[in-house]
Amino acid sequence: MALSRLSSSSASRCVDLLINPLAAAAAAIPRRLISSDTTPITVETSVPFSVHNCDGPSRSVETTPKELVSFFKDMATMRRMEIAADSLYKAKLIRGFCHLYDGQEAVAVGMEAAITKKDCIITAYRDHCTFLGRGGTLLECFSELMGRKAGCSKGKGGSMHFYKKDSGFYGGHGIVGAQIPLGCGLAFAQKYSKDENVTFALYGDGAANQGQLFEALNIACLWDLPAILVCENNHYGMGTAEWRAAKSPAYYKRGDYAPGLKVDGMDALAVKQACKFAKEHALKNGPIILEMDTYRYHGHSMSDPGSTYRTRDEISGVRQERDPIERIRKLVLSLDLATEKELKDMEKEIRKEVDDAIAQAKESPMPDPSELFTNVYAKGFGTEVYGADRKEVRSVLP
Amino acid sequence: MAAALRRLGSAAHWRGFSTACQEINKSGIHPQHGGKATNLCSAINQALHIALESDPRSYVFGEDVSFGGVFRCTTGLVDQFGKNRVFNTPLCEQGIVGFGIGLAAMGNQAIAEIQFADYIFPAFDQIVNEAAKFRYRSGNQFNCGGLTIRSPYGAVGHGGHYHSQSPEAFFCHVPGIKVVIPRSPRQAKGLLLSCIRDPNPVVFFEPKWLYRQSIEQVPEGDYMLPLSEAEVIREGNDITLVGWGAQLSVMEQACVDAEKEGISCELVDLKTLLPWDKETVEASVRKTGRLLISHEAPVTGGFGAEISASIVERCFLRLEAPVARVCGLDTPFPLVFEPFYLPTKNKILDAIKATVKY
């Protein structure tokens, strides 16, 4: 990895990792770069982008020490949250179907770094970390997972249905591929409003074989919509390897007339660079496909051990070679932005935050039973139930 | 629960609705007796083994089926019959059914799996417009009778919005396909084999809650149970209860509780929803004078409405109370409110009492 440092560093340690914002002072007094520094540095992506029908972005990504440390912190939080969700599921505190994102964190984090909260994101059911990336809180996540009132969908959605309207997160969709046409519809509305925002519609390599994708892509290209179709290729559509399900697993090329970019989805900086490029492209020229080459460590859902269709060696190999968090950790250490101990302490702090959020979520009550009848239609039907065990329903038109 | 569901009525009467009935017992197996304790998942697995073994032109395919499927219903099939006859498809429900129709149109037995009934809607057009009407609109030149679509349906305790729905009523509105739902392992094996060999396209919904919970003596060999033939699984005089699939075990419990209060319930398993056995239900209602229908799907527009209307037409003067329906509520299938939404035993018991005392 080629690094070009624009600022000097020194061996002196600043223990106060997050508080010291005095970048100028740091430059004047010979101290090492502190992690809240916003001086730009340039890092080159380890793998070049593969392109289809477009030139693609440069491999040199501009970032800052502050951003790199925040990447580490955000991804470590996501990882910890998913591991905790796994335990909560096994303890039967989370019911329903639950799909974990660990391994793919760089996509959520890198994408957020390139766009604003006015841009829209829509994804499938593996949505916990995307929600967190959009600014959701751990408490909202765990409450929703456990079906509590404090959840981001008031406990009515569960694992697959996270939403956050104030930052353009359109959720959380259960049916494979069904969110893509919907995402193109969001882009259609954005084109009308002319406020230079775009929509990122995420789908997996499994959904890439659904007809809906191609139907939506055709319309989006025909009308030059600011839609970015992001294929999070974790290489397994449920339990089926991509090459068993797709004639061409080069998903970035499958738009034919639509340009595409293949990105190392385990590298948050590469993701950021690609998303930045894609947003500019989409506003000028219409849809583009981003294929994020990534990997999920867990099985498809909690009922899939994830080891019947791939080897344990493959999983541990990816963990060792390509893990998105370890990559940033190495970068932070090699740039001397923090010490190993400081990062370890940060992880400990995250662990505590996650545990606190779980404890708090457990305190949150279940939704009121009357909520069963709300939100079915815009206006409530004045529904009431009566009879033994509420067998009969009576509803009054508003 | 298996014992509770054991058939108490007399031997099945033959109606000849389905051509598949003709082949029952050709191997001398009595479908009502004997066999090994088997759960519903294994019973389905056995039926698929037999189907593949007995017809070299039969195929099993769907999402993840070659490594056993999410519910392990297709375990071992690929080892025995090879990956040319048991194979995974891409995540593409429309494609799965569409290809199944084509395969069946060339005279093969296409046994397609849609992983959850909730995922069947992308394939709805293929089922409704292509499969169901192929024979009719080609003046009987073509058909896809070899097509059987298996799909797990219904509540499972914590499935949430997209892993719990009961979409049977949508398909009961489509002349040209059959809709079959078994209640137990023995029923599942016999009915599935009938569906696969029936010369019409069939949608076969499997109660996923019972995959491991329902255990019953299942004959090991090849046997079939007739389609479009309902079964009286518990005889009684005061009220007729009609249901199908997993709901029957809930209804059975309500019958037992009602009996303690001196109400004698007759319980009918409809088994085939389309075309359904009106005669058996009618005969039962003529005897009892009262009818209660129960299903998990929302009450409005559910198949219970069709049964109710037909029976009122046929037995108007014999009915001593309005037909009762105890069904899912008219809301999306909820996550945390599942027990509230479902037509539970107490709800049914209450409706039994109200109907009998009407």
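Those residues that are among the charged types (D, E, K, R) and assigned to a helix (DSSP H, G or I), I need them from the range A:316-338; list them, please.
Within the range A:316-338, the first condition is being among the charged types (D, E, K, R), and the residues that meet it are A:319, A:321-323, A:326-327, A:329-330, A:336.
If the condition is that a residue be among the charged types (D, E, K, R) and assigned to a helix (DSSP H, G or I), then A:319, A:321, A:322, A:326, A:327, A:329, A:330 are the ones that fit.
Considering only residues that are aliphatic (A, V, I, L, M) and touching a strand residue (DSSP E or B) at 6+ places or on another chain (Cβ under 8 Å), look in the range A:236-264 and name the one that is surrounded by the most Cβ atoms within 10 Å (Cβ to Cβ). Spell out the reasoning first.
In the first step, residues of the range A:236-264 are kept if they are aliphatic (A, V, I, L, M); the result is A:238, A:241, A:245-246, A:250, A:258, A:261, A:263.
Still in the list and also touching a strand residue (DSSP E or B) at 6+ places or on another chain (Cβ under 8 Å): A:245, A:250, A:258, A:261, A:263.
Numbers: A:245: 21, A:250: 13, A:258: 22, A:261: 27, A:263: 33.
So the residue we want is A:263.
Among the residues of the range A:227-235, is there at least one that is without any contact (Cβ under 8 Å) to a residue 60 or more places away in the chain and either surrounded by fewer than 23 Cβ atoms within 10 Å (Cβ to Cβ) or in a helix (DSSP H, G or I) (or both)? Write out each step before concluding.
Of the range A:227-235, the ones without any contact (Cβ under 8 Å) to a residue 60 or more places away in the chain are none.
Looking through the range A:227-235, none of the residues is without any contact (Cβ under 8 Å) to a residue 60 or more places away in the chain and either surrounded by fewer than 23 Cβ atoms within 10 Å (Cβ to Cβ) or in a helix (DSSP H, G or I) (or both).
Answer with yes or no whether residue A:202 is part of a loop (DSSP other than H, G, I, E, B), away from every other protein chain (no Cβ under 14 Å) and surrounded by 22 or more Cβ atoms within 10 Å (Cβ to Cβ). Break it down into steps so the answer makes sense when it comes.
Details: part of a loop (DSSP other than H, G, I, E, B): no; away from every other protein chain (no Cβ under 14 Å): yes; surrounded by 22 or more Cβ atoms within 10 Å (Cβ to Cβ): yes.
Against the criterion (part of a loop (DSSP other than H, G, I, E, B), away from every other protein chain (no Cβ under 14 Å) and surrounded by 22 or more Cβ atoms within 10 Å (Cβ to Cβ)), residue A:202 does not qualify.
In this structure, does residue A:269 turn out to be in contact with a Leu (Cβ under 6 Å, 6 or more places away or on another chain), crowded, with 22+ Cβ neighbours inside 10 Å and either away from chain B (no Cβ under 14 Å) or polar (S, T, N, Q) (or both)?
no
Would you check which residues across the range B:323-348 are assigned to a loop (DSSP other than H, G, I, E, B), within 12 Å of another protein chain (Cβ to nearest Cβ) and in contact (Cβ under 8 Å) with a residue 12 or more places away in the chain and list them? Please lay out each step first, then the result.
From the range B:323-348, those assigned to a loop (DSSP other than H, G, I, E, B) are B:323, B:329-337, B:342-344; that's our starting set.
Filter once more, keeping what is within 12 Å of another protein chain (Cβ to nearest Cβ): B:329-337, B:342-344.
B:329, B:330, B:331, B:332, B:333, B:334, B:335, B:342, B:343, B:344, listed by residue number.
Need a quick list: helices (runs of 4 or more DSSP H) entirely within the range B:61-158 having at least 1 residues that are within 14 Å of chain A (Cβ to nearest Cβ). Lay out the reasoning, then the answer.
Working: elements: B:77-81, B:93-105, B:134-137.
Answer list for the range B:61-158: B:77-81, B:93-105.
Taking the range A:82-122 only, how many residues are more than 14 Å from chain B (Cβ to nearest Cβ) and not polar (S, T, N, Q)? Please lay out each step first, then the result.
Here is the first cut: in the range A:82-122, the ones more than 14 Å from chain B (Cβ to nearest Cβ) are A:82-87, A:100-122.
Going one step further and asking which of them are not polar (S, T, N, Q), we end up with A:82-86, A:100-103, A:105-115, A:117-122.
Matching residues across the range A:82-122 total 26.
Only one residue in B:298, B:275, B:332 is surrounded by fewer than 23 Cβ atoms within 10 Å (Cβ to Cβ), touching a His at 6+ places or on another chain (Cβ under 7 Å) and not assigned by TED's automatic domain parsing to the domain that holds residue B:153. Which one? Before you say what the answer is, go through the steps one by one.
Details: B:298 fails: touching a His at 6+ places or on another chain (Cβ under 7 Å); B:275 fails: touching a His at 6+ places or on another chain (Cβ under 7 Å).
Answer to the selection: B:332.
Just to be sure, is residue B:272 closer than 26 Å to residue B:178 by Cβ, in contact with a strand residue (DSSP E or B) (Cβ under 6 Å, 6 or more places away or on another chain), more than 10 Å from chain A (Cβ to nearest Cβ) and among the hydroxyl-bearing types (Ser, Thr, Tyr)? Before you say what the answer is, go through the steps one by one.
Working: closer than 26 Å to residue B:178 by Cβ: yes; in contact with a strand residue (DSSP E or B) (Cβ under 6 Å, 6 or more places away or on another chain): yes; more than 10 Å from chain A (Cβ to nearest Cβ): yes; among the hydroxyl-bearing types (Ser, Thr, Tyr): yes.
Yes: the conditions hold for residue B:272.
State whether the residues of the range B:248-270 include one that is at negative phi, among the charged types (D, E, K, R), in contact with a Phe, Trp or Tyr (Cβ under 8 Å, 6 or more places away or on another chain) and not in a helix (DSSP H, G or I). Can you show your working first?
Step one: filter the range B:248-270 for residues at negative phi, giving B:248-261, B:263-270.
This time we only want the ones that are among the charged types (D, E, K, R), so: B:252, B:257, B:259-261, B:266, B:269.
Of the ones still in play, those that are also in contact with a Phe, Trp or Tyr (Cβ under 8 Å, 6 or more places away or on another chain) are B:269.
Keeping just the survivors that are not in a helix (DSSP H, G or I) gives B:269.
Yes; the residues of the range B:248-270 include at least one that is at negative phi, among the charged types (D, E, K, R), in contact with a Phe, Trp or Tyr (Cβ under 8 Å, 6 or more places away or on another chain) and not in a helix (DSSP H, G or I).
Would you check which residues across the range A:361-374 are part of a helix (DSSP H, G or I) and closer than 11 Å to residue A:146 by Cβ and list them? Full working, then the answer.
Here is the first cut: in the range A:361-374, the ones part of a helix (DSSP H, G or I) are A:361-363, A:369-372.
Answer for the range A:361-374, where residues must be part of a helix (DSSP H, G or I) and closer than 11 Å to residue A:146 by Cβ: A:361, A:362, A:363.
Residue by residue, here is whether (1) in contact (Cβ under 8 Å) with a residue 60 or more places away in the chain; (2) crowded, with 24+ Cβ neighbours inside 10 Å; (3) on the phi < 0 side of the Ramachandran plot holds:
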site: B:156; (1), (2), (3): no, no, yes
site: B:166; (1), (2), (3): yes, yes, yes
site: B:170; (1), (2), (3): no, no, yes
site: B:174; (1), (2), (3): yes, no, yes
site: B:177; (1), (2), (3): yes, no, yes
site: B:182; (1), (2), (3): yes, yes, yes
site: B:190; (1), (2), (3): yes, yes, yes
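Take the conditions among the aromatic types (Phe, Trp, Tyr) and touching a helix residue (DSSP H, G or I) at 6+ places or on another chain (Cβ under 6 Å) and apply them to residue A:162. Does it pass? Step through it out loud before you land on a result.
Values: among the aromatic types (Phe, Trp, Tyr): yes; touching a helix residue (DSSP H, G or I) at 6+ places or on another chain (Cβ under 6 Å): yes.
Considered against the rule, which asks whether it is among the aromatic types (Phe, Trp, Tyr) and touching a helix residue (DSSP H, G or I) at 6+ places or on another chain (Cβ under 6 Å), residue A:162 comes out as yes.
This table checks each residue for (1) touching a Pro at 6+ places or on another chain (Cβ under 7 Å); (2) within 21 Å of residue B:93 (Cβ to Cβ); (3) not acidic (Asp, Glu).
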{"position": "A:235", "(1), (2), (3)": "no, no, yes"}
{"position": "A:244", "(1), (2), (3)": "no, yes, yes"}
{"position": "A:275", "(1), (2), (3)": "no, no, yes"}
{"position": "A:282", "(1), (2), (3)": "yes, no, yes"}
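What number of residues within the range A:358-398 are open to solvent by less than 100 Å² (accessible area, probe 1.4 Å) and at pLDDT 80 or above?
Selection size over the range A:358-398: 15.
From the list A:294, A:308, pick out the single residue that is of a type in the set (Ser, Thr, Tyr) and over 29 Å from residue A:143 (Cβ atoms).
Going through A:294, A:308 in turn, the sole match is A:308.
Just checking, which of A:304, A:355 is under 23 Å from the mean Cα position of the chain (by Cα), under 24 Å from residue A:157 (Cα atoms) and either open to solvent by 50 Å² or more (accessible area, probe 1.4 Å) or more than 14 Å from every other protein chain (Cβ to nearest Cβ) (or both)? Explain how you work it out, then say what you get.
On the way: A:304 fails: either open to solvent by 50 Å² or more (accessible area, probe 1.4 Å) or more than 14 Å from every other protein chain (Cβ to nearest Cβ) (or both).
After applying the criteria, what remains is A:355.
For residue B:286, work out the one condition from (1) at pLDDT 95 or above; (2) assigned to a loop (DSSP other than H, G, I, E, B); (3) not aromatic (Phe, Trp, Tyr) it doesn't fulfil.
All conditions are met except number (2).
Which of the residues that make up the range A:218-258 are within 14 Å of chain B (Cβ to nearest Cβ) and of a type in the set (A, V, I, L, M)?
Result: A:238, A:241, A:245, A:246.
For (1) touching a residue at least 60 places away in the same chain (Cβ under 8 Å); (2) outside any helix (DSSP H, G or I), each residue gets a yes or a no:
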| site | (1), (2) |
| --- | --- |
| A:191 | no, no |
| A:197 | yes, yes |
| A:213 | no, no |
| A:262 | yes, yes |
| A:273 | yes, no |
| A:276 | yes, no |
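Inside the range A:123-170, can you point out the residues that are more than 11 Å from chain B (Cβ to nearest Cβ) and of a type in the set (S, T, N, Q)?
Listed by number, the residues that qualify are A:123, A:130, A:137, A:143, A:167.
The values are calculated or read from the model by the stated rules, or taken from the named source; none is laboratory data. Treat the numbers as computed from the prediction; the structure is a model and nothing was measured. Cβ sites come from the backbone with ideal geometry, for glycine too, and all protein chains shown count toward neighbours. All accessible areas refer to the heavy atoms of the entire protein, side chains included, with ligands and DNA or RNA removed. Shrake-Rupley method; radii C 1.70, N 1.55, O 1.52, S 1.80 Å.
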